Amino acid sequence: MRRSVVVVVVVLAALAAGCAGGGTGGGPGPSVAPAASGGPVFGYTSRPIDAGVRPLLRHSWRAGCPVGLGDLRYLRLDHWGADGRVHRGAMVVHRTLARNVVATFRTLFEARFPVARMQLVDVYQADDDRSMAANNTSAFNCRKVAGSSRWSEHAYGRAIDLNPVQNPYVTRSGRVSPPAGRAWADRARRAPGMVHAGDATVRAFAAIGWGWGGTWRGAKDYQHFSSTGR
């Protein structure tokens, strides 16, 4: 009996070590705890933009942004990846929205919705095109709406772009961004990571009062969710 207990402990330790890797947020996160049924359970952390986090935002935040660092929160969120494994990603959102964002990604995790990548946009020097091309799910980025002088909802930490390749931005004329998303511009297609009207992902964001860019008139932004609906 004693030998059996030792074997079980060793096996559980190996599983925990395997879950600890694969983070997508720029550093290892805590391991994912097994649920009672033997599967992973959702985990997260939330912290202010303190001295330890500030260097991570060296490209996405600067003086003159419409929101101060004190109004932002740095989240590490577990998510299922396209590889069928659990990863810990990172994003920054407005502090007043952090709790609801965590709740939504908990719902997506429990539904096993796959998120291809979740890194701070700073990994791409805050270049939105590069982030989208990498199929990166991101939130805060102090930038203007493309082609305008108006601040994007991302500049306030009030918007999230989810799996941009599977959920591209499509103009009325048919231009697709990112270009790699052209194969997914046909929304009759059904594939992992896509978002469709009325599905579990749209409902999860709607439950916290967020709108979806897939319902916009004219151009459709299938990746885009925001607390203001803009």
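The values are calculated or read from the model by the stated rules, or taken from the named source; none is laboratory data. Computed from a prediction, not measured in an experiment: that's the story for all the values here. Here the Cβ is made from the backbone with ideal geometry for all residues, glycine too, and neighbour counts use every protein chain on show.
So which residues in region 130-152 are without any contact (Cβ under 8 Å) to a residue 24 or more places away in the chain and surrounded by 17 or more Cβ atoms within 10 Å (Cβ to Cβ)?
Ala134, Ser152
Would a scan of region 178-192 turn up a residue that is within 21 Å of Val121 (Cα to Cα), more than 17 Å from the chain's Cα centre (by Cα) and either hydroxyl-bearing (Ser, Thr, Tyr) or buried (at least 22 other Cβ atoms within 10 Å of the Cβ) (or both)?
Scanning region 178-192 turns up at least one residue that is within 21 Å of Val121 (Cα to Cα), more than 17 Å from the chain's Cα centre (by Cα) and either hydroxyl-bearing (Ser, Thr, Tyr) or buried (at least 22 other Cβ atoms within 10 Å of the Cβ) (or both).
Just to verify a result, which residue in region 207-230, among those that are in a strand (DSSP E or B) and of a type outside the set (D, E, K, R), is surrounded by the fewest Cβ atoms within 10 Å (Cβ to Cβ)?
Restricting to residues being in a strand (DSSP E or B) and of a type outside the set (D, E, K, R), the top hit is Gly211.
For Asn100, indicate whether it is touching an Asp or Glu at 6+ places or on another chain (Cβ under 8 Å), at pLDDT 95 or above and either under 23 Å from Ala206 (Cα atoms) or of a type in the set (Gly, Ala, Ser) (or both).
Numbers: touching an Asp or Glu at 6+ places or on another chain (Cβ under 8 Å): no; at pLDDT 95 or above: yes; either under 23 Å from Ala206 (Cα atoms) or of a type in the set (Gly, Ala, Ser) (or both): yes.
No: the conditions fail for Asn100.
What's the total number of residues in region 115-129 that are touching a residue at least 24 places away in the same chain (Cβ under 8 Å), part of a loop (DSSP other than H, G, I, E, B) and over 13 Å from Ala90 (Cα atoms)?
Final tally of qualifying residues: 2.
Output the number of residues of region 158-200 satisfying the condition of being aliphatic (A, V, I, L, M), more than 30 Å from Leu69 (Cα to Cα) and either free of Cβ contacts under 8 Å to residues at least 12 places away in the same chain or part of a strand (DSSP E or B) (or both).
Here is the first cut: in region 158-200, the residues aliphatic (A, V, I, L, M) are 159-160, 162, 165, 170, 176, 180, 183, 185, 188, 191, 194-195, 197, 200.
Now narrow it down to the ones that are more than 30 Å from Leu69 (Cα to Cα): 170, 176, 180, 183, 185, 188, 191, 194-195, 197, 200.
Filter again for either free of Cβ contacts under 8 Å to residues at least 12 places away in the same chain or part of a strand (DSSP E or B) (or both), leaving 170, 176, 183, 188.
The number of residues fulfilling the criteria is 4.
Check whether at least one residue in region 52-71 is modelled with pLDDT of 95 or more, of a type in the set (Val, Ile, Thr) and out of contact with any His (no Cβ under 6 Å at 6 or more places or on another chain), and report yes or no.
The answer is yes; a qualifying residue exists.
How about region 68-113: which of its residues are surrounded by fewer than 18 Cβ atoms within 10 Å (Cβ to Cβ) and farther than 19 Å from Ile208 by Cβ?
Once the filter is applied, which keeps residues that are surrounded by fewer than 18 Cβ atoms within 10 Å (Cβ to Cβ) and farther than 19 Å from Ile208 by Cβ, region 68-113 yields Gly68, Leu69, Gly70, Gly81, Ala82, Asp83, Gly84, Arg85, Arg112.
Given the criterion in contact with a Cys (Cβ under 7 Å, 6 or more places away or on another chain), outside any loop (DSSP other than H, G, I, E, B), touching a residue at least 12 places away in the same chain (Cβ under 8 Å) and surrounded by 13 or more Cβ atoms within 10 Å (Cβ to Cβ), identify the matching residue among Ala155, Ala204.
Values: Ala204 fails: in contact with a Cys (Cβ under 7 Å, 6 or more places away or on another chain).
Of Ala155, Ala204, the one residue that is in contact with a Cys (Cβ under 7 Å, 6 or more places away or on another chain), outside any loop (DSSP other than H, G, I, E, B), touching a residue at least 12 places away in the same chain (Cβ under 8 Å) and surrounded by 13 or more Cβ atoms within 10 Å (Cβ to Cβ) is Ala155.
Take the residues in region 114-129 that are more than 10 Å from the chain's Cα centre (by Cα) and under 20 Å from Met194 (Cα atoms), then tell me which one is surrounded by the fewest Cβ atoms within 10 Å (Cβ to Cβ).
First, pick out the residues of region 114-129 that are more than 10 Å from the chain's Cα centre (by Cα): 114, 121-129.
Now narrow it down to the ones that are under 20 Å from Met194 (Cα atoms): 114, 128-129.
On the way: Pro114: 18, Asp128: 20, Asp129: 13.
Per the stated criteria, the residue is Asp129.
Just wondering, is there one or more residues in region 89-110 that are of a type outside the set (Val, Ile, Thr), farther than 18 Å from Glu153 by Cβ and in a loop (DSSP other than H, G, I, E, B)?
No: zero hits.
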